[in-house]
1. Name the single residue that is least open to solvent (accessible area, probe 1.4 Å) among those in segment 17-30 being within 24 Å of V58 (Cα to Cα) and without any contact (Cβ under 8 Å) to a residue 24 or more places away in the chain.
2. I need every pair where a residue in segment 1-16 that is under 11 Å from N50 (Cβ atoms) has its Cβ under 6 Å from the Cβ of a residue that is modelled with pLDDT of 90 or more and among the aromatic types (F, W, Y), sequence separation at least 6 or different chains.
3. When segment 23-38 is examined, which residues are found to be in a loop (DSSP other than H, G, I, E, B) and farther than 15 Å from P6 by Cα?
4. So if I check each of L18, L75, which one is modelled with pLDDT under 90 and either at negative phi or under 15 Å from the mean Cα position of the chain (by Cα) (or both)?
5. List the number of the failed condition for L12; all other conditions in (1) more than 15 Å from the chain's Cα centre (by Cα); (2) outside any helix (DSSP H, G or I) hold.
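The values are calculated or read from the model by the stated rules, or taken from the named source; none is laboratory data. Please read these numbers as outputs of a predicted model, since none were measured by experiment. Positions of Cβ are generated from backbone atoms using ideal geometry, with glycine treated the same way; all protein chains shown enter the neighbour counts. For the accessible areas, the whole protein counts, side chains as well, though only heavy atoms, and no ligand, DNA or RNA atoms are used. Shrake-Rupley method; radii C 1.70, N 1.55, O 1.52, S 1.80 Å.
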Amino acid sequence: MVDLDPTTPLKLDNQYYLNLQKKRGLLQSDQVLATDPGTVGFVNQLAGDNAGWSRKFVNAMERLGKELRVAGSALKRRTFVMLLALRMSTATVRRRREVVGYSAVAGSDWSRRCG
């Protein structure tokens, strides 16, 4: 797993979007967000407002948490973990999975329960 924000991998902030503006996106598909007419405004807005990014992130996590509680399906649990993994470092994700009882190893008990 690779940190998509190598500048501040253990911090939840808008640095990912700042990196995109500086042409430092790790994936080409991410870097396109900073140049595509449909998404460049979104990137610029989030890069320029860390507090706004934080509010949006908290709201998104709350909505995902509610969906998880309501639906409770294995697919939604996996989606939630993957979305968290996109923003957190590898080490943080491993720690979170250990805390909630999920193994990070493919073919593990986690995979059997959700697969």
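1. Among them, the one singled out is N19.
2. Short answer, once both residue conditions are applied: N14/W53.
3. T35, D36, P37, G38
4. Only one candidate qualifies: L75.
5. Unmet for L12, out of (1) more than 15 Å from the chain's Cα centre (by Cα); (2) outside any helix (DSSP H, G or I): (1).
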